[in-house]
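Novice: Have a look at this one before I ask anything.
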Amino acid sequence: MVERVAVIGAGIAGLGVAMALARDGREITLIDRDAPPPQSIETAFETWERKGVTQLRHSHVFLGRLVSLIRDKHPVLHKMLHDAGAREIDFEETLPPALRDNYKRTESDKDLAFLFSRRTTLEHAIRAYVETLPAVRFITGAAVRTLSISRAANIPAVTGLTIERDGRAPEILDADIVVDASGRNSILTDWLRDQGLTIEEEKNPAGILYFTRHYKLREGQTEPPRDLTPGAGDLGYIKFGVFPADNRHFSITLAVPEIETALRAAIVKPEVFDATCTAIPGCARWIDPARAEPVTKVFGMGNLHNVWRHFVRDGAPVVHGFFAVGDSALRTNPLYGRGCSSAMMHAHLLGDVVNETSDPTERALRFNTRAKRDLRPFWEMIVKQDLGAIRRAKSEQDPAYTPRWKARWIKSFAEDAIGPATRSNLGVLRAIMKGFHMLEAPSTWLGHPTIVMRVLLMWMTPKRAKEKLYPPKLGPERREMFSRLGLQQRAA
Ligand SMILES: Cc1cc2nc3c(=O)[nH]c(=O)nc-3n(C[C@H](O)[C@H](O)[C@H](O)COP(=O)(O)OP(=O)(O)OC[C@H]3O[C@@H](n4cnc5c(N)ncnc54)[C@H](O)[C@@H]3O)c2cc1C
């Protein structure tokens with residue numbers, strides 16, 4: 001018997017579900033309310049309208065977990081991404097100068113690679129790949145707002161959905177499995193709640209707003225060298241990141257704490273955005289007018305939260321035949337760059353459980369357990385770090401603030417122990433980067449006594465002896481930046 005899978009949303013998670021589930025004996029229908037991509041990747045970047053993906057033109061970086069999953073399970077797509085201009089930056093290329101000379105590659109280093117690409121380029125290539133998979137079809141320009149539900153058994157079961165298209169009568173699509181991959185603004189959980197099903201939700205603020213501008217290297221120009229000047233950092237009142245991309249493009253994101261009202265109102269103006277970047281050495285050398293030119297306006301985005309939805313309650317599935325994958329199930333602060341890797345991992349976890357068993361309860365329970373095992377540790381760590389960052393941003397506004405011993409201790413551990421240790425010891429860097437790239441839980445490195453010992457030894461080393469292991473100053477203090485930009489020091 002053919003198993004019918006209906007996937008709501010053809011973004012990263014929906015495409016990932018098709019990649020993980022496509023095989024003989026299964027029919028997969030992806031329904032997306034947005035239009036299909038234009039033919040070329042440049043037109044996709046310039047004109048692809050995605051009302052359903054507000055973050056489409058924000059900076060994206062793709063982590064080792066996503067890259068190795070694509071490389072190992074979908075080699076054809078891996079090649080398509082490279083052909084489209086996406087660049088893989090391997091571990092060796094990201095090494096700080098002090099570690100480059102004596103570097104010897106180990107087998108697992110191949111998994112510590114970033115993929116640099118605009119989000120539109122990545123999605124364009126994945127979509128083209130999924131279109132070639134057997135028994136996968138797309139219905140575009142079509143929204144799903146309601147599901148079909150059967151209450152014949154103890155646990156209600158989703159048995160299909162209704163497709164709504166402009167100018168056509170609503171159409172019911174029956175399915176054995178319905179996947180909600182409709183992203184951060186999914187309405188289907190609310191719909192299920194309206195049917196009396198209890199889906200609990202944890203929600204915490206990311207505490208920032210995102211501002212992104214895209215640039216392109218001028219003819220004959222190259223990217224700045226990879227040295228100790230940080231391409232990303234946290235100044236307390238602002239966080240910055242440079243995101244190299246494909247085909248000579250790159251973007252810069254400035255993340256402003258929600259409470260910095262004057263800065264967030266001003267920074268959306270291109271001249272203020274560029275002036276801010278010019279004051280930060282790690283950004284300034286990229287946007288030097290002799291090197292690059294801006295190619296877009298400044299995109300802004302707020303309403304950023306860390307969200308986790310629970311589809312299992314008291315050890316039993318809330319509903320059968322329905323799975324939420326990607327942002328519709330769990331979301332994290334975009335600053336950590338984990339959303340697409342999570343979505344793709346989540347989709348492949350679903351693929352594994354659906355391939356292993358046809359029992360609906362087992363499918364739901366295994367999917368839930370594995371997401372908690374493989375994704376929850378990252379979510380929890382981000383929630384904790386965001387709460388700390390929100391507190392720090394508040395104290396930045398108070399000139400009389402002196403941090404308590406615990407805050408000073410955490411800062412010193414990051415800046416005087418972990419930072420210099422990762423810049424001088426390959427073992428420490430590898431261990432920490434495995435967590436960063438989502439290849440193992442973020443705190444696994446703390447379970448390796450030799451690594452912890454090296455970090456502690458670095459902490460105990462006097463500053464004078466490790467002077468060369470500190471990066472240059474990230475950028476101006478808040479007071480100086482505000483005065484350069486002509487902004488009020490105090491929040492409104
Ligand atoms: C500002 C920002 C920056 C980010 N940066 C990064 C980064 O650097 N690296 C990274 O890995 N992740 C990043 N992310 C996260 C990443 O973008 C998301 O995690 C990822 O897109 C989730 O994929 P998804 O498929 O779940 O949702 P989406 O990619 O949003 O796709 C959802 C799809 O569902 C469709 N849809 C929605 N509702 C319906 C409906 N009712 N019916 C039919 N179709 C529907 C939409 O049109 C869309 O195509 C960032 C997020 C934000 C907000």
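Novice: Give the Rg/Rh ratio for segment 156-211, taking Rg as the radius of gyration of the Cα atoms and Rh as the Kirkwood radius, to two decimals. Before the final figure, lay out the partial values.
Specialist: Numbers: Rg = 15.3 Å, Rh = 14.2 Å.
Checking Rg against Rh, the ratio lands at 1.08.
Novice: For segment 355-422, which trypsin sites (Lys or Arg not before Pro) are both in a DSSP coil and crowded by at most 13 other Cβ atoms within 10 Å? Don't jump to the answer; show the numbers that get you there.
Specialist: Numbers: sites: 363, 366, 370, 372, 373, 384, 391, 392, 394, 404, 406, 408, 411; in loops: 404.
In loop regions of segment 355-422 (DSSP not H, G, I, E or B), the sparsely surrounded trypsin sites (Lys or Arg not before Pro) are 404.
Novice: Could you tell me the ratio Rg/Rh of segment 208-301? Both radii from Cα atoms, Rh via Kirkwood.
Specialist: 0.95
Novice: Under the classification rounded if a/c is under 1.5, otherwise prolate if a/b is larger than b/c and oblate if not, where does segment 386-445 fall, given a ≥ b ≥ c as square roots of the Cα gyration tensor eigenvalues?
Specialist: Details: a/c = 3.31, a/b = 1.97, b/c = 1.68.
Prolate shape, in that a/c is at least 1.5 and a/b is the bigger ratio.
Novice: Still on this structure, please answer the following. Sort 1, 381, 481 so that the residue with the fewest other Cβ atoms within 10 Å of its own Cβ comes first and the one with the most comes last. Walk me through the intermediate numbers first.
Specialist: Working: 1 5, 381 16, 481 19.
Lowest to highest Cβ neighbour count: 1, 381, 481.
Novice: For the chain, what is the calculated [θ] at 222 nm in deg cm²/dmol (nearest 500), taking -39500 (n - 2.57) for each run of four or more DSSP H residues and dividing by its residue count?
Specialist: Working: 18 runs with 181 residues, N = 492.
Result for the chain: -11000 deg cm²/dmol, rounded to the nearest 500.
Novice: Ratio of Rg to Rh for segment 433-492, alpha carbon only, Kirkwood? Each step should come with its number before you reach the end.
Specialist: Details: Rg = 18.8 Å, Rh = 15.5 Å.
Result: Rg/Rh = 1.21.
Novice: Would you mind checking the radius of gyration and Dmax of the chain based on alpha-carbon positions, in Å?
Specialist: 23.4, 74
Novice: Right, next: Under the definition of Cα pairs under 8 Å and six or more residues apart, what whole-number percent is the relative contact order of the chain?
Specialist: Working: 890 pairs, mean separation 93.8, N = 492.
It comes to 19 percent, rounded to a whole number.
Novice: Please identify the trypsin sites (Lys or Arg not before Pro) of segment 232-286 that satisfy two criteria: DSSP loop assignment and at most 14 other Cβ atoms within 10 Å. Which are they? The partial results should precede the final answer.
Specialist: Numbers: sites: 239, 248, 264, 285; in loops: 248.
The qualifying sites: there are none.
Novice: Mean separation of Cα pairs under 8 Å and 6+ residues apart, divided by the residue count of segment 311-466: what relative contact order is that in percent? If you can, show how the numbers build up before the last one.
Specialist: On the way: 102 pairs, mean separation 28.7, N = 156.
Relative contact order, segment 311-466: 18 percent.
Novice: How far apart, in nm, are the 7 Å Cα→Cβ label points at residue 450 and residue 484?
Specialist: 4.3
Novice: Kirkwood Rh, segment 381-492, all Cα pairs: how many Å? Walk me through the intermediate numbers first.
Specialist: Details: mean 1/r = 0.0611 Å⁻¹.
Result for segment 381-492, one decimal place: 16.4 Å.
Novice: Also, quick follow-up: So which trypsin sites (Lys or Arg not before Pro) in segment 22-82 are both in a DSSP loop and have at most 16 other Cβ atoms within 10 Å of their Cβ? Display every interim value, and only then the final one.
Specialist: Details: sites: 23, 26, 33, 50, 51, 57, 65, 71, 73, 79; in loops: 23, 33, 50, 51, 57.
Answer by residue number: 23, 51.
Novice: Ranked by Cβ crowding within 10 angstrom, fewest neighbours first, how are 172, 31, 390 ordered?
Specialist: Numbers: 172 12, 31 25, 390 17.
Sorted ascending by nearby Cβ count, the order is 172, 390, 31.
Novice: Which ordering of 70, 287 is given by a fewest-first count of other beta-carbon atoms within 10 Å?
Specialist: Details: 70 25, 287 20.
Lowest count first: 287, 70.
Novice: Quick one: if you stick a label point 7 Å off each Cα along the C-beta vector at residue 468 and residue 356, how many nm between them?
Specialist: In this crude spin-label approximation the distance works out to 5.0 nm.
Novice: May I pose another question? Once the piece of chain linking residue 411 and residue 387 is laid out straight, how much longer is it, given 0.36 nm per residue of separation minus the C-alpha distance between them?
Specialist: 7.2 nm
Novice: Quote the relative contact order of segment 254-300 in percent (integer), defining contacts as alpha-carbon pairs under 8 Å separated by 6+ residues.
Specialist: Values: 25 pairs, mean separation 13.5, N = 47.
This gives 29 percent for segment 254-300.
Novice: Only Lys, Arg, Asp and Glu count, each charged at its Cβ (+1, +1, -1, -1), so figure out the dipole size of segment 402-485 about its Cα centre, rounded to 20 debye.
Specialist: Numbers: 16 positive and 6 negative charges, 55 e Å.
Approximately 260 debye in magnitude.
Novice: Then there is this: Within the chain, what percent of beta bridges assigned by DSSP are antiparallel, to the nearest 5? Show your work: numbers first, answer last.
Specialist: On the way: 52 of 71 bridges.
Given both bridge residues lie in the chain, the antiparallel proportion sits at roughly 75 percent.
Only the coordinates and a few stated rules stand behind these numbers; no lab work does. Bear in mind that the values here come from a model prediction, so they are computed numbers and not experimental data. Cβ: placed from backbone, ideal geometry, glycine included. Neighbour counts: every protein chain shown.
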